[in-house]
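Enquirer: Before I ask anything, let me first share the structure, which is written out below as C-alpha cells.
Just so it is clear, none of the values below were taken in a lab; they were calculated from the coordinates. Being a predicted model, the structure only gives us computed values, none of them experimental. Here the Cβ is made from the backbone with ideal geometry for all residues, glycine too, and neighbour counts use every protein chain on show.
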Amino acid sequence: MPGPALVWFREDLRVGDNPALTHAVETGAPVLCLYLFDEESPEVRPLGGASRWFLHGSLTVLAERLAAIGGELLVMRGAARTVIPRVVEASGASHVLWNRRYGAEREIDAEIKARLKEAGVEARSCKARLLYEPGEVTTKTGGLYKVFTPYRNATLAYDPPPPPLPAPERIEKGSWPAAIRAEAIAIADLDLEPTKPDWAAGLRETWTRGEAGAQARLASFLDGPLSGYAGSRNRPDLETTSMLSAHLRFGDVSPRQIVHAALHARDAGRIPAEDYDMLRSELGWRDFSHQLLFAQPDIARTNMMRSYDAFPWRQDEAALAAWQRGRTGYPFVDAGMRQLWTTGFMHNRVRMVVGSFLVKHLLLDWRLGEDWFWDTLCDADPANNAASWQWVAGSGADASPYYRVFNPVTQGEKFDPAGDYVRRWVPELAGLPNTYVHRPWDASRNVLERANVTLGRSYPLPIVDHDEGRRRALDALAQMKKNAA
Ligand SMILES: Cc1cc2nc3c(=O)[nH]c(=O)nc-3n(C[C@H](O)[C@H](O)[C@H](O)COP(=O)(O)OP(=O)(O)OC[C@H]3O[C@@H](n4cnc5c(N)ncnc54)[C@H](O)[C@@H]3O)c2cc1C
C-alpha cells in the first residue's frame, strides 16, 4: 500500500501554480503539507526582521488556503536534514515533493533527496520559483551568462514560459502520526512578528501578505501602472511599479503567473507591448540574479570580482548610522532610507542611489548595506539583494562601473521633479520650494526660515560634500587597482 505524498513548502507559499503541490495531488495519495522553519542548518541565512514579519502573514494565509480545499499545513521547527527524514519515516510517506531553491540550501536538498531515494521513497523536486533555472539558458559553449543583455536575448528564444498551473480544487488530507503532530507548533509560536516594541505598523499599512494579497496587487498593477511602466518605472514619486517583490520572495505569487497575466493584457490590447517587454526584462534580472547565486552561493559575502578584495573601505560607525536612519543631509537618500525603515520597501531607483551613496560617498563596504537591507526589506532576497549590491559596488557581474558615481541631488531632481517623494518621507523639508527641496543648503536664510527649516538642527547638513566624496571614491578605486596589481 503506497503511503501519503508529503509536500515540503519553503519559498512557495501558495496553492496556485505550485508544481510540488499539484504533482502531490496527482499521485492520488492522501497529501501531507509541511512547513519547516529552519534556522539551524548552516546553509540557511536567518531571515531579517521585516522578512520574518512578512513570512508570518504568508504562512497564515497558506494555512487558510490549504484548509479551504481540504488540506492542512503542519508547521515545525528544526534542521531539515534531521526533521524531514524523521517525518517521512514516521508518516510512511512514499512520495516527497518540493520546489527547488538555488542558494547554498540546495546542498541540504540534494543530501535529503539522496537519503530518501536510498530508503525507497520517491523524492521529486520541481521548478516553481523562476521562469528559467540556472543551466536552462546557456551560452553556446554551455556556460552561464555573466552579462545580462545577451542572457536576456537568449531567453527570448524560449519565451513565453509555460503557463501557470491552476490551484488544485480539492486535497485529500493525509493523517499525521501522533508523534509528529506532538512536535508541530502554531505559526504564532515561531515568534516572527514583533511585539515589544511593535514596529510593524508601517509594514501592515503597506502590504497584504499572502496569496490573495499578491493576486490583488497583480490585478491592480495590470489595470493601472503597467500601462506606461516602461516610461515611468523610474519615478519613486508616482508609485508606478508592481510592488510584487516581497510576494515573489516568499512565493505568494509565481513569476509565471505574472508573465502570463501581463501577456494576456498585452494580447488583449490593454497594455502596450513595450510595457510588457520591460516587465519581462525586470523578471529576467531576477532569474539572472538567481543564476549568479547558483554559480556563487556565497555571493552575499564574497566579491564576484576578486580585485575588490583589495578595496580600501573605511570604517565609520557614525556615517553608517546616519545612512541607516536617513540623516545624511541628502534629501533623496534620506527619503529612501526612511521609506525602507517605515514600509519594508524602497523604490528601485532610490535603492541604486542610496547604495551608490554608501559605497562611494561614504566609502563603506557594500556588505554593510546588504546586511541592512537584509534586515529591513520585506523582499530581502538571497539572490536579488546580494547581486544588486555587487552591481552597485562595481564588484559584480555586469556591474555598474565604480567610477560612475550617482549625484544624489541631480538624481532626485530628475526622478522626483516636484519633490513629492522627499516631502512624503522627509516631512521637515515639506515647506521648501521645489527648487531647493533636493538641495536645501542652497536656499537663502529667508527661504529656509519661511519653510521652518534650520539646517544642522531640524535637518542635517550633508555629512559629506558631493564633489569631495566623489574625488575620494575615485582615489580609493585607484588605490584598489594599485593594491590588486
Ligand atoms: C541595492 C539593491 C538591493 C536590492 N535588493 C533586492 C532584494 O533584496 N529583493 C528584490 O526582490 N529585489 C531587490 N532589488 C531589485 C529591485 O530594486 C526590486 O526588485 C524592486 O524595486 C521591487 O519593486 P517592484 O516589485 O515594484 O518592482 P517592479 O518594477 O514591479 O518589477 C517586477 C519584479 O521584477 C523583479 N525585479 C525588478 N527589478 C529587479 C532587479 N534590478 N533585480 C532583480 N529583480 C528585479 C522583482 O522581482 C520585481 O518584483 C535590489 C536593488 C538594489 C539596487
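Enquirer: Between region 37-103 and region 441-461, what is the separation of their alpha carbon centroids in Å?
Expert: 52 Å
Enquirer: Right, next: Where in region 144-174 is the amide nitrogen less than 16 Å from a point lying 7 Å along the Cα-to-Cβ axis of Ser281?
Expert: Counting only backbone N, you get 147-157.
Enquirer: Hey, another quick one. What percent does the relative contact order of region 21-78 come to when contacts are Cα pairs within less than 8 Å and at least six residues apart?
Expert: On the way: 39 pairs, mean separation 30.6, N = 58.
Worked out over region 21-78, it gives 53 percent.
Enquirer: From Cα pairs below 8 angstrom and at least 6 apart in sequence, can you work out the relative contact order of the chain, rounded to a whole percent?
Expert: Normalised by residue count, the contact order of the chain is 17 percent.
Enquirer: Just add up the charged neighbours of Asp381: K/R +1, D/E -1, any other residue whose Cβ is under 9 Å from the Cβ of Asp381. List each step's numbers first, then the result.
Expert: On the way: positive: Arg249, Arg286; negative: Asp379.
So the environment of Asp381 carries a net charge of +1.
Enquirer: Among Val87, Val333, which comes first, then next, by fewest other beta-carbon atoms within 10 Å?
Expert: Val87, Val333
Enquirer: Now for a separate question. What is the distance, in nm, between label points placed 7 Å from the Cα along the Cα-to-Cβ direction at Arg204 and at Lys146?
Expert: In this crude spin-label approximation the distance works out to 4.9 nm.
Enquirer: What's the extension gain from Asp467 to Glu136 if we count 0.36 nm per residue and subtract their Cα-Cα distance? If you can, show how the numbers build up before the last one.
Expert: Working: separation 331, 0.36 × 331 = 119.16 nm, distance 4.50 nm.
Going from the current span to full extension adds 114.7 nm.
Enquirer: Holding the Cα-Cα limit at 29 Å, pick out from Lys414/Lys481; Lys360/Lys482; Lys140/Lys414; Lys113/Lys173 the pairs that are longer than that.
Expert: Numbers: Lys414/Lys481 33 Å; Lys360/Lys482 18 Å; Lys140/Lys414 40 Å; Lys113/Lys173 23 Å.
The answer is Lys414/Lys481; Lys140/Lys414.
Enquirer: Going by C-beta contacts inside 10 Å, put His56, His361, His290 in order with the fewest on the left.
Expert: In order of increasing Cβ crowding within 10 Å: His56, His290, His361.
Enquirer: Label point 7 Å out from Asn483 along Cα-to-Cβ: which residues of region 345-372 have amide N under 20 Å?
Expert: Label zone hits: 356-371.
Enquirer: Running Debye on region 306-480 with equal point scatterers at the Cα sites and no solvent, what base-10 log of I(q)/I(0) appears at q = 0.08, 0.12, 0.16, 0.18 Å⁻¹?
Expert: Taken in order of the listed q values, log10 I(q)/I(0) reads -0.23, -0.53, -0.92, -1.14.
Enquirer: Kindly provide the Kirkwood hydrodynamic radius of region 1-128 in Å, to one decimal, from all pairs of distinct alpha carbon atoms. If you can, show how the numbers build up before the last one.
Expert: Numbers: mean 1/r = 0.0673 Å⁻¹.
Over region 1-128, the inverse of the mean reciprocal pair distance is 14.9 Å.
Enquirer: Say each of Glu172 and Ala268 gets a label point 7 Å from the Cα, pointing the same way as Cα to Cβ; how far apart are those two points in nm?
Expert: Distance between label points: 3.6 nm.
Enquirer: For region 93-110, take each phi angle, set θ = phi - 60°, evaluate the Karplus expression 6.51 cos²θ - 1.76 cosθ + 1.60, and give the result in whole Hz per residue in order, putting x for glycine and proline.
Expert: Rounded to whole hertz, the list is 4, 9, 10, 10, 10, 8, 9, 6, 10, 10, x, 4, 5, 5, 4, 4, 4, 5.
Enquirer: So for the pair Ala110, Ala157, with labels modelled 7 Å out along Cα→Cβ, what separation do we get in nm?
Expert: My value for the distance between the label points is 2.7 nm.
Enquirer: Local charge sum around Lys482 (other residues, Cβ-Cβ under 14 Å, Lys/Arg +1, Asp/Glu -1)?
Expert: Numbers: positive: Lys481; negative: Asp309, Asp475.
Residues near Lys482 contribute -1 overall.
Enquirer: Whole-Hz ³J(HN,Hα) for each residue in region 161-172, computed from phi via Karplus 6.51 cos²θ - 1.76 cosθ + 1.60 with θ = phi - 60°, x for glycine and proline: what do you get?
Expert: Residue by residue, region 161-172 yields x, x, x, x, 7, x, 5, x, 6, 8, 10, 8 Hz.
Enquirer: With a Cα-only, solvent-free Debye model of region 227-333, what are the log10 I(q)/I(0) values at q = 0.13, 0.14, 0.15, 0.23 Å⁻¹?
Expert: Scattering profile of region 227-333, log10 relative to I(0): -0.78, -0.86, -0.94, -1.19.
Enquirer: Let me ask something else. DSSP loop (so not H, G, I, E, B), at most 14 other Cβ within 10 Å: list which trypsin sites (Lys or Arg not before Pro) in region 389-461 pass both filters.
Expert: Loop-located and lightly packed - Arg404, Arg457.
Enquirer: Let me ask something additional. Ignoring everything except DSSP H segments at least 4 long, calculate the 222 nm mean residue ellipticity for the chain; use -39,500 (n - 2.57) per segment, divide by total residues, nearest 500.
Expert: Numbers: 22 runs with 228 residues, N = 485.
Counting only the DSSP helices, I get -14000 deg cm²/dmol.
Enquirer: If eta is 0.692 mPa s and T is 37 °C, what Stokes-Einstein diffusion coefficient results for region 437-485, Kirkwood Rh from Cα pairs, in µm²/s? Show your work: numbers first, answer last.
Expert: Details: Rh = 13.2 Å.
Translational D for this selection: 249 µm²/s.
Enquirer: Ignoring the sites themselves, what is the longest stretch of the chain with no chymotrypsin sites (Phe, Trp or Tyr not before Pro) in a DSSP loop and at most 16 other beta-carbon atoms within 10 Å? Could the numbers behind the result be given before it?
Expert: Details: sites that count: Tyr158, Trp199, Tyr403.
Looking at the chain, 200-402 is the longest stretch - no exposed chymotrypsin sites (Phe, Trp or Tyr not before Pro) with at most 16 other Cβ atoms within 10 Å.
Enquirer: With a 10 Å Cβ neighbour count serving as the proxy for reagent exposure, in which order, fewest first, do Cys126, Cys378 appear? Could you put the intermediate results ahead of the total?
Expert: Working: Cys126 18, Cys378 27.
Ascending number of Cβ neighbours within 10 Å: Cys126, Cys378.
Enquirer: Enumerate the whole-percent occupancy of each 20 Å bin, from 0 to the last occupied one, for all C-alpha pair distances of the chain.
Expert: With a bin width of 20 Å, the distribution comes to 22, 53, 22, 2, 0.
Enquirer: Would you please state which residues of region 74-117 a label at Glu39 would reach in this model, taking the label point 7 Å out along Cα→Cβ and a backbone N cut-off of under 12 Å?
Expert: Only 77-78 pass the distance filter.
Enquirer: Per q in 0.23 1/Å, what log10 I(q)/I(0) does a Debye calculation on the alpha-carbon atoms of region 393-485 return?
Expert: So the normalised log intensities work out to -1.14.
Enquirer: Still on this structure, I have one more. Kirkwood Rh over Cα pairs of region 116-268 into Stokes-Einstein at 25 °C, 0.890 mPa s: D in µm²/s? Spell out each step's value before the answer.
Expert: Details: Rh = 19.7 Å.
Result for D is 124 µm²/s.
Enquirer: Once you have the Cα-Cα distance between Asp375 and Asp298, take 0.36 nm times their residue separation minus that, and quote the gain in nm to one decimal.
Expert: Working: separation 77, 0.36 × 77 = 27.72 nm, distance 1.76 nm.
26.0 nm is the gain from fully extending Asp375 to Asp298.
Enquirer: Give the separation of the Cα centroids, region 189-218 to region 337-372, in Å.
Expert: One Cα centre to the other: 22 Å.
Enquirer: In degrees between 0 and 90, to the nearest 10, how far off the longest principal axis of the chain does helix 384-393 point, with axes built from Cα atoms?
Expert: Result, in degrees: 30.
Enquirer: By the scheme Lys and Arg +1, Asp and Glu -1, what is the net charge of all other residues having a beta-carbon under 13 Å from that of Pro134?
Expert: Numbers: positive: Arg100, Arg101, Arg106, Lys127, Arg129, Lys146, Arg286; negative: Glu133, Glu136, Asp287.
Local charge sum for Pro134: +4.
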